[in-house]
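Novice: Here it is: the structure, laid out below.
The values are calculated or read from the model by the stated rules, or taken from the named source; none is laboratory data. Treat the numbers as computed from the prediction; the structure is a model and nothing was measured. Note: ideal-geometry Cβ built from the backbone for every residue, glycine included; neighbour counts use all protein chains shown.
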Amino acid sequence: MPLTKDITFKCPECGEEIPLTLWQSVNTAENPKEAEALAYGDLFYIQCPKCGYQTMANYSLLYHDVEHGMMIQYIATPDREERAKEMAEYRKARKDSIEAAKAQDPALAKQLYGAVFRFVTSLNDLREKALILRAGLDDRYVELVKAYIMPQAANMKPDLGIESVRFFLDKDGKQYLYFFDKDGKEAGSCDFDMESYNAFKNGLSLVEADTDIIDTGWAREVISEIESQDTFQG
Ligand SMILES: [Zn+2]
């Protein structure tokens, strides 16, 4: 299976032809170096050697964290309708190949397709999920903690204009939440709240096959459902 494709990227500033390797699939067991580079963004970073222009390569790829049993398909297509169509195709192709592998080689099927599957629609979402997995955490409960803490942080520091929050893991293994304003500018950070994480994890059992899109919208829905039922003891 060809995993990479070599292309040249034309610098939009000076026209320099920059050689670039695109990864169609990155696997933590087979490509640990690239998996780390993906999580920290270096895999996509482009700098023109001639004029210094910097950008991020943005293309669809599959990330497979073998140790934590999750496959994440990033869809770079910006158009919402196109993206929904692509997702439907991926879902069908995945289902078909699982069926085929089951018939031919059940052990392989289990190894290849036994993983939890997620879609992400931005490079930052992909990197964040890769970091959550590297931290050994469950992305569903991390999203719940984020959705739970966001309004509190925004209320506590209204002058910062906090609009979004992301999980971050530094290379020493320390876990953070980073807050951003409406322009995506960093507006503060705090340690990741493991207490809330464990409270969600212990207090709320989720069915894994529920959805392949776990994001802020999903977490907000779960939280408003909990609040309406008022059964969660946090
Ligand atoms: Zn250039």
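Novice: State yes or no: is residue 130 closer than 25 Å to residue 24 by Cβ and within 17 Å of the chain's Cα centre (by Cα)?
Specialist: Numbers: closer than 25 Å to residue 24 by Cβ: yes; within 17 Å of the chain's Cα centre (by Cα): yes.
Considered against the rule, which asks whether it is closer than 25 Å to residue 24 by Cβ and within 17 Å of the chain's Cα centre (by Cα), residue 130 comes out as yes.
Novice: Within region 143-159, does at least one residue satisfy the condition of being assigned by TED's automatic domain parsing to the domain that holds residue 198, buried (at least 16 other Cβ atoms within 10 Å of the Cβ) and outside any helix (DSSP H, G or I)?
Specialist: no
Novice: The conditions are (1) over 17 Å from residue 114 (Cβ atoms); (2) of a type in the set (S, T, N, Q); (3) modelled with pLDDT of 95 or more, and residue 4 fails exactly one of them. Which is it?
Specialist: Every listed condition holds for residue 4 apart from (3).
Novice: Moving to a separate point now. Inside region 32-42, can you point out the residues that are in contact with a Leu (Cβ under 9 Å, 6 or more places away or on another chain) and at pLDDT 95 or above?
Specialist: As a first pass, look at region 32-42 and keep what is in contact with a Leu (Cβ under 9 Å, 6 or more places away or on another chain): 34-41.
Selection gives 34, 35, 36, 37, 38, 39, 40.
Novice: Another question, then. Do we have any residue at all in region 178-193 that's of a type in the set (A, V, I, L, M) and either within 20 Å of the chain's Cα centre (by Cα) or assigned by TED's automatic domain parsing to the domain that holds residue 114 (or both)? Before you say what the answer is, go through the steps one by one.
Specialist: First, pick out the residues of region 178-193 that are of a type in the set (A, V, I, L, M): 187.
Narrowing further to those that are either within 20 Å of the chain's Cα centre (by Cα) or assigned by TED's automatic domain parsing to the domain that holds residue 114 (or both): none.
Within region 178-193, not a single residue is of a type in the set (A, V, I, L, M) and either within 20 Å of the chain's Cα centre (by Cα) or assigned by TED's automatic domain parsing to the domain that holds residue 114 (or both).
Novice: Quick check on residue 195: is it of a type in the set (D, E, K, R) and under 27 Å from residue 60 (Cβ atoms)?
Specialist: no
Novice: Another one. Step by step: first the residues of region 8-36, then only those that are closer than 26 Å to residue 115 by Cα and polar (S, T, N, Q), then the one that is surrounded by the most Cβ atoms within 10 Å (Cβ to Cβ). Which residue is that?
Specialist: Filtering first and then ranking leaves 28.
Novice: What are the pairs with Cβ atoms under 6 angstrom where one residue, in region 31-57, is in contact (Cβ under 8 Å) with a residue 40 or more places away in the chain and outside the structural domain of residue 174 (by TED's automatic domain parsing) and the other, located anywhere, is part of a loop (DSSP other than H, G, I, E, B) and within 15 Å of the ligand (Cβ to nearest atom)? Sequence gap at least six, or different chains.
Specialist: Hits for this filter: 44/57; 51/13; 51/14; 53/11; 53/13.
Novice: For the subset of region 1-57 comprising residues that are within 22 Å of residue 134 (Cα to Cα) and part of a loop (DSSP other than H, G, I, E, B), which member is farthest from the ligand (Cβ to nearest atom)?
Specialist: This residue is 29.
Novice: So, residue 88, is that one among the small types (Gly, Ala, Ser), more than 16 Å from the ligand (Cβ to nearest atom) and touching a residue at least 60 places away in the same chain (Cβ under 8 Å) or not?
Specialist: No, not satisfied.
Novice: Follow-up question, since we're still on this one. Looking at region 133-149 only, could you name the residues that are closer than 12 Å to residue 192 by Cβ and under 12 Å from the mean Cα position of the chain (by Cα)?
Specialist: The one that is closer than 12 Å to residue 192 by Cβ and under 12 Å from the mean Cα position of the chain (by Cα): 142.
Novice: Answer with yes or no whether residue 77 is hydroxyl-bearing (Ser, Thr, Tyr) and either away from the ligand (no atom under 16 Å from the Cβ) or in a loop (DSSP other than H, G, I, E, B) (or both).
Specialist: On the way: hydroxyl-bearing (Ser, Thr, Tyr): yes; either away from the ligand (no atom under 16 Å from the Cβ) or in a loop (DSSP other than H, G, I, E, B) (or both): yes.
When the stated conditions are applied, residue 77 passes them.
Novice: Return yes when residue 61 is in contact with a Phe, Trp or Tyr (Cβ under 6 Å, 6 or more places away or on another chain), within 15 Å of the ligand (Cβ to nearest atom) and either over 20 Å from residue 132 (Cβ atoms) or in the same structural domain as residue 114 (by TED's automatic domain parsing) (or both) and no when it is not.
Specialist: Spelling it out, it is not the case that residue 61 is in contact with a Phe, Trp or Tyr (Cβ under 6 Å, 6 or more places away or on another chain), within 15 Å of the ligand (Cβ to nearest atom) and either over 20 Å from residue 132 (Cβ atoms) or in the same structural domain as residue 114 (by TED's automatic domain parsing) (or both).
Novice: Scan region 166-181 and tell me whether some residue there is loosely packed, with under 13 Cβ neighbours inside 10 Å and in a helix (DSSP H, G or I).
Specialist: No, region 166-181 has no match at all.
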